[in-house]
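Values in this text are rule-based calculations from the coordinates and carry no lab data. In this text the structure is predicted, and so the values were computed from the model without any measurement. Here Cβ is always computed from backbone atoms with ideal geometry, including for glycine, and neighbour counts include all displayed protein chains.
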Amino acid sequence: MAAVLTNAQFFTGTEIIRDRTLLIEKGRITGFATADAITSGATVTDCKGLLVTAGLIDLQIAGGGGFLFSANPDPEALEAMTGAILSSGTTGFLIALPTNSHEVYSAAFRVLKENPHPAVLGLHLEGPFISLAKRGAHARELIRKPSAEELLALLKEADGVIRMMTVAPEVCTPEIITIMRDHGVTVAAGHSNATFREATLGFEWGIETSTHLFNAMSPVHHRDPGLPGATFNSEKACASIIADGIHVDFNMLIISKKIMKERLFLVSDAVEENDRGTYQHVRQNDRFTLPDGTMSGANLTMLGAVRNCVDHAGIHPEEALRMASLYPASLIKVSDRGKILPGCRADLIALDSDLKLKGLFHNKKMNFID
C-alpha cells in the first residue's frame, strides 16, 4: 500500500519543498505531488507542519542500547544497538570496532552476515593498522603493522561487511591502500602521527577521509601542519568531526568548516558503558572514559551533533543536516540514502523548529514521538 506524507516542510538535501505531499511506494520515495493527486487506498499521514528530512547516517558508532558491540558481538547486542540508534533519528550506521583480536573480528563478521538489517551498513574497523603514538584508548598490544597477506585474509573473511577502515598513513604502503579500495573499503586516516608529507602521500595513494579530525592524530604545527593540515590542504579529502565541544572546541569546528566546507561531516563516536573485555568505558556526565580517566568516546547522538553545529558554530540548519546525512552517505557511496529523491529509501525523520526528533518513518509508517 502506498504511503503519503502531508502537511510538512520537506528538506530534500538541497531544498525545502512546501505545499506538496510526499509519495512513498514499498519503502521507496516516488516523488512529490499536489494534494489532489493522492490515490484512493493510500495511507495518508499528517506531519503536523514538522520538518521532514532524510534519516541521519553515522559512520562511527561503537555501542548503544546497553551494549558495546566489540565486547558483545552477538545478535542480542546488534538488535539492542540498532533499536536504540534508530530511535535517536539515525537510520543508517557503521558499527565501529576498535583495534581488536581476530576472534572478535570473526564474531562481528559472522553476526552481521547472519543478521542483516537495513540500518546496519557494515563495519568501520578502527585499526589494527594504526600508530602506537596516537593510539588513544586503543589496546597497545593489538596494534600491528599491515601486511598484504593478513589484510587480504581479513577482507576475504569479512566478505563485504567491512565498509570503512581507519589506518595510520605512515605505516601503510600504496599496496595496502589499493587492496582496501579494491575491496570496496573507504579508507580513512586516523590514530596517526603522520607528518604533513606522509599524510599528503596517503591521500595521493587513495585515502579518502580522516577519522575524528584533531583527535588521536598529529597536531597542526607551524613547522609541520601534520594530518589536519594535509586534510585541510587536500582538494578532495573529507574528514569526520565529533561536534560535542569536548573532543573538539567549537571554535575549531567553526574554523574547520570554513576551510573544508562540504568535505566536513559529522560522526557521533558514541560508545556504551561497559565493564568487560578489552575496552571498558565509564559513563561520565558528558563523555565516556577508560577506568584510568582517558577519554574513550562521546556521549552524543548525531542529532545532538547537528544541533551543536547550529547553536555553537553558526552553521545553517540545512547544512548541518547535510553534514549528518548526505555527506557521509556520499562518502561511502550509498546512493539511496541521505536525501529525499525518487528511488531513495524512505528512511525519514520529522523534526520540530528546535531540531528535536518528533517522528520517525520506518517500516513504511510514520511513528510520532510525544
Worksheet item: For the stretch 95-167, taking Cα atoms only, what is the radius of gyration to one decimal and the Dmax to the nearest whole Å?
Response: 12.2, 37
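From the convex hull of the Cα coordinates of the stretch 132-217, what is the mean projected area in square nanometres?
Its Cα hull, projected and averaged over all orientations, spans 5.3 nm².
Tell me, Met302, Met252 in order of fewest to most beta-carbon neighbours within 10 Å? Please list the in-between numbers first.
Numbers: Met302 29, Met252 17.
Arranged by neighbour count, lowest to highest, Met302, Met252 become Met252, Met302.
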Item to complete: Return the calculated 222 nm mean residue ellipticity for the chain, to the nearest 500 deg cm²/dmol, obtained by summing -39500 (n - 2.57) across DSSP H runs with n ≥ 4 and dividing by the residue count.
Response: -8000 deg cm²/dmol
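How long are the three semi-axes of the equivalent ellipsoid of the stretch 151-263, in whole Å, if each is the root of 5 times an eigenvalue of the C-alpha gyration tensor, listed from largest down? Provide the component values of the computation, followed by the final result.
Values: eigenvalues 126, 47, 27 Å².
Semi-axes from the Cα gyration tensor: 25, 15, 12 Å.
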Worksheet item: List the aspartates and glutamates whose alpha-carbon lies under 14 Å from that of Lys48, not counting same-chain residues fewer than 8 positions away?
Response: Asp19, Asp352, Asp370
Discussion item. Angle check, please: helix 302-313 long axis (alpha carbons) against the longest principal axis of the chain (alpha carbons), in degrees 0 to 90, nearest 10.
Written reply: 80
Worksheet item: In the stretch 56-331, what % of DSSP beta bridges are antiparallel (nearest 5)?
Response: 25
Worksheet item: In whole Å, what is the distance between the alpha-carbon centres of the stretch 23-61 and the stretch 240-315?
Response: 30
Item to complete: Output the peptides 16-27, 178-189 sorted from most to least packed, where packing is the average of other Cβ atoms within 10 Å over each peptide's residues.
Response: 178-189, 16-27
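So for the stretch 31-84, what are the equivalent ellipsoid semi-axes in whole Å, largest first, each being the square root of 5 times an eigenvalue of the Cα gyration tensor? Can you show the working numbers first?
Numbers: eigenvalues 291, 35, 19 Å².
They are 38, 13, 10 Å, listed from largest to smallest.
Kirkwood Rh over Cα pairs of the stretch 35-194 into Stokes-Einstein at 37 °C, 0.692 mPa s: D in µm²/s?
Working: Rh = 17.2 Å.
Here the translational diffusion coefficient equals 190 µm²/s.
Considering all projection directions equally, how large on average is the shadow of the alpha-carbon convex hull of the chain, in square nanometres? Spell out each step's value before the answer.
Values: hull surface 71.0 nm².
Value for the chain: 17.7 nm².
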